[in-house]
Structures are given as structure tokens and as C-alpha cells.
Amino acid sequence: MVTKKELTTPLAFLKINNEETIELKYITLYVFAVNNWKRSSLEINALFNFVKQTYNKFENLSLKENFKIKHFGSNKKLPKSIKKIINDVQSKTEQNTGIQINLAFNYSAREEIIEAVKQIVVNKKKVNKLETYLYSDGIPDPDLIIRTGGELRMSDFLLWQSAYSELIFTKKLWPDFKFNHLKISLLKYLQRKRNYGK
């Protein structure tokens, strides 16, 4: 999520150009979708091995930069080693006060909504806001969603939360999406007028 310079406590200010500065408080990265289980076991294992190999570096970076890490997704089907890594980094960064990085890992927006409804029914609770049962409970809806890779679809990502999100699509593949591309996307976002249906 990106917001204009609104908060009283600075977290991470990015200078877009000589006139525009934007503050980042939340970033959500789509790492692994539930539908990705349909891919070959070779590709899935390669991703999980990459997570294991880079975890310590990611954890150290998170602690050094004061990042708070939160998992968006299900633990179903995940290997014990991956679940341990997810729980570990969330626990160690829980008290951090910098940018919150939400990792959508083994995530499906449709499943997220279905599970939220199930919880409401099972608990027999009267609830006015379904979002209190979502992974993103307590977190503002994203202002901007950047879709890389040249695809023009949401791919089951934050379907409930993105009702009024600004969308930017780029042909750049995720590994090739550099900081300069982020700045260009943020500048486009700042040039848009948002009225939330008014």
C-alpha cells in the first residue's frame, strides 16, 4: 500500500522527483498463489529451496531495516520447514515499527473470503465487516496495485481489498522490475484523481 505524506510518524519516504514525495507504510508481495500448486513439482521445490537459501539474509535485512513481516495465506500443504520460516520471521519482527511487508504466500483471495465466511458461520457471530476475518485485518486497503509481467488481470490477488485500488500494469517481469520502475509507477499514481465513487 502506498499513501501520500499524511502520517505524523515518518516510516519510509521516497522522493519521486523534485516536487513529489511519497510515504510507504505497507507493501504486499504476491510470492506464491494457491493455484501455483498446479505447476510442476520441480518448479515448486525450486521456489521452496530458494526461500530456505535466502531466509537468513531476508531475516537479517528485516531486522536491520526495522521491517515488520506478516504472512497472508494458508498453511495448508506447506512443508514444515517453510511453515517454521514463516512463523520465525513473523515472531522476530513482530515488534518492529517500520514498513510492514505482507508476504502473500500460499494465498488465494477467493479462499480468503470463503474462509472468512466460514468463520462467521461457525462462530455464529454477527459481524458488520467481513474484512475483520481477512488476513489483512487492521491494515488499510491498498491504494495502488502494480501488476508485472504484461498480464492484464488480478490473478486472485486481494479481490476484496482492491475495490478502490488504483491499478498499474507493466510489461516488466517481476525479476526485472527495478526501483526506477517503482518510482515511475508511483508518479503515475500521484497524477490520478481518486473519488471513491463520489
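The values are calculated or read from the model by the stated rules, or taken from the named source; none is laboratory data. What you are looking at is a predicted structure, and each value in this text was computed from that prediction instead of being measured. FYI the Cβ positions are ideal-geometry reconstructions off the backbone, even for glycines, and counts take in every protein chain you see.
Among (1) under 28 Å from Asn36 (Cβ atoms); (2) in contact (Cβ under 8 Å) with a residue 24 or more places away in the chain, there is one condition Tyr196 misses while meeting the rest; what is its number?
The number of the failed condition is (1).
Filter the stretch 18-64 down to the residues that are in contact (Cβ under 8 Å) with a residue 24 or more places away in the chain, part of a helix (DSSP H, G or I) and in contact with a strand residue (DSSP E or B) (Cβ under 7 Å, 6 or more places away or on another chain), then identify the one that is farthest from Gln95 (Cα to Cα). Even if it seems obvious, please write down each step before you answer.
Of the residues in the stretch 18-64, the ones in contact (Cβ under 8 Å) with a residue 24 or more places away in the chain are 20, 22, 24-35, 37, 48, 51-52, 55, 58-59, 62-63.
Of the ones still in play, those that are also part of a helix (DSSP H, G or I) are 34-35, 37, 48, 51-52, 55, 58-59, 62-63.
This time we only want the ones that are in contact with a strand residue (DSSP E or B) (Cβ under 7 Å, 6 or more places away or on another chain), so: 34, 62.
Numbers: Val34: 29, Ser62: 12 Å.
So, considering only residues that are in contact (Cβ under 8 Å) with a residue 24 or more places away in the chain, part of a helix (DSSP H, G or I) and in contact with a strand residue (DSSP E or B) (Cβ under 7 Å, 6 or more places away or on another chain), the one farthest from Gln95 (Cα to Cα) is Val34.
Could you list, in sequence order, all residues of the stretch 146-161 that are assigned to a loop (DSSP other than H, G, I, E, B) and out of contact with any Asp or Glu (no Cβ under 7 Å at 6 or more places or on another chain)?
First pass over the stretch 146-161, keeping only residues assigned to a loop (DSSP other than H, G, I, E, B): 148-161.
The answer is Thr148, Gly149, Gly150, Glu151, Leu152, Arg153, Met154, Ser155, Asp156, Phe157, Leu158, Leu159.
Residues of the stretch 45-72 being within 30 Å of Ile113 (Cβ to Cβ) and of a type in the set (D, E, K, R), which ones?
Lys68, Lys70, listed by residue number.
Could you please give the count of residues in the stretch 90-126 that are within 12 Å of Phe67 (Cα to Cα), among the β-branched types (Val, Ile, Thr) and at pLDDT below 95?
2
Could you tell me which numbered condition Val117 fails, if it satisfies all but one of (1) in contact with a helix residue (DSSP H, G or I) (Cβ under 8 Å, 6 or more places away or on another chain); (2) surrounded by 14 or more Cβ atoms within 10 Å (Cβ to Cβ); (3) part of a helix (DSSP H, G or I); (4) of a type in the set (A, V, I, L, M, F, W, C)?
(2)
Residues of the stretch 177-193 being free of Cβ contacts under 8 Å to residues at least 12 places away in the same chain and either in a helix (DSSP H, G or I) or over 21 Å from Leu14 (Cα atoms) (or both), which ones? Step through it out loud before you land on a result.
Taking the stretch 177-193 and keeping what is free of Cβ contacts under 8 Å to residues at least 12 places away in the same chain, we get 178-181, 184, 191, 193.
The answer is Phe179, Asn180, His181, Ile184.
Taking Asp137 as the residue in question, decide whether it is acidic (Asp, Glu) and buried (at least 17 other Cβ atoms within 10 Å of the Cβ).
Working: acidic (Asp, Glu): yes; buried (at least 17 other Cβ atoms within 10 Å of the Cβ): no.
When the stated conditions are applied, Asp137 does not pass them.
Filter the stretch 82-114 down to the residues that are of a type in the set (Gly, Ala, Ser) and assigned to a loop (DSSP other than H, G, I, E, B), then identify the one that is farthest from Trp160 (Cα to Cα). Walk me through it before giving the result.
So in the stretch 82-114, the residues of a type in the set (Gly, Ala, Ser) come out as 91, 98, 104, 108-109.
Then keep just the ones that are assigned to a loop (DSSP other than H, G, I, E, B); that gives 98, 108.
Values: Gly98: 25, Ser108: 11 Å.
Looking at the filtered set, the residue picked out is Gly98.
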